[in-house]
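The values are calculated or read from the model by the stated rules, or taken from the named source; none is laboratory data. This one's a predicted model, so the numbers in the text were calculated from it and none came from an experiment. Cβ: placed from backbone, ideal geometry, glycine included. Neighbour counts: every protein chain shown.
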Amino acid sequence: MSDSELTVSGMNEPPSRYDITVTVERNGGTLPSPADFAVIAERAASSRNASVVSAHTAEQIISVVTVETSDRLAAAAVALAVVSEALGRPAVSPILKRTVLADLVRWLEQLPFPCAKLPTSSA
């Protein structure tokens, strides 16, 4: 059996470029200054082979994180990590964690090869 017969279909495709928009609302809290946010966000994006552009208003920060990766879910994870690091906050809230995990389970269930069944929670 040759090595090429052991690959999974689609794994040889080059990564795609994704632009993920992340909006952070003030919600009564404080947001970092635009200059501080830009420096930290750029450093966080650079460490993840991504780039970031942000716009600030009185009530929110709108960031567009550009990343080359294998799929949209991975790009969203990178974008959330970049913005959360710039904010100095945990990357994933409990509600978002459940949503991302649910998307990941759905994606795994659609793979063209058998996977182990993932446990589901009642949360």
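Number of residues in segment 40-77 that are of a type in the set (Val, Ile, Thr) and farther than 30 Å from residue 14 by Cα equals 2. Against the list (1) at pLDDT 65 or above; (2) surrounded by fewer than 11 Cβ atoms within 10 Å (Cβ to Cβ); (3) outside any helix (DSSP H, G or I), the condition residue 120 fails is (1).
Tell me the residue from 51, 63 that is surrounded by fewer than 17 Cβ atoms within 10 Å (Cβ to Cβ) and of a type in the set (Ser, Thr, Tyr), please.
Values: 63 fails: surrounded by fewer than 17 Cβ atoms within 10 Å (Cβ to Cβ).
After ruling out the rest, the residue left standing is 51.
Taking segment 73-94 as the range and being surrounded by fewer than 14 Cβ atoms within 10 Å (Cβ to Cβ) and touching a helix residue (DSSP H, G or I) at 6+ places or on another chain (Cβ under 9 Å) as the test, the residues that pass are 88, 89, 90.
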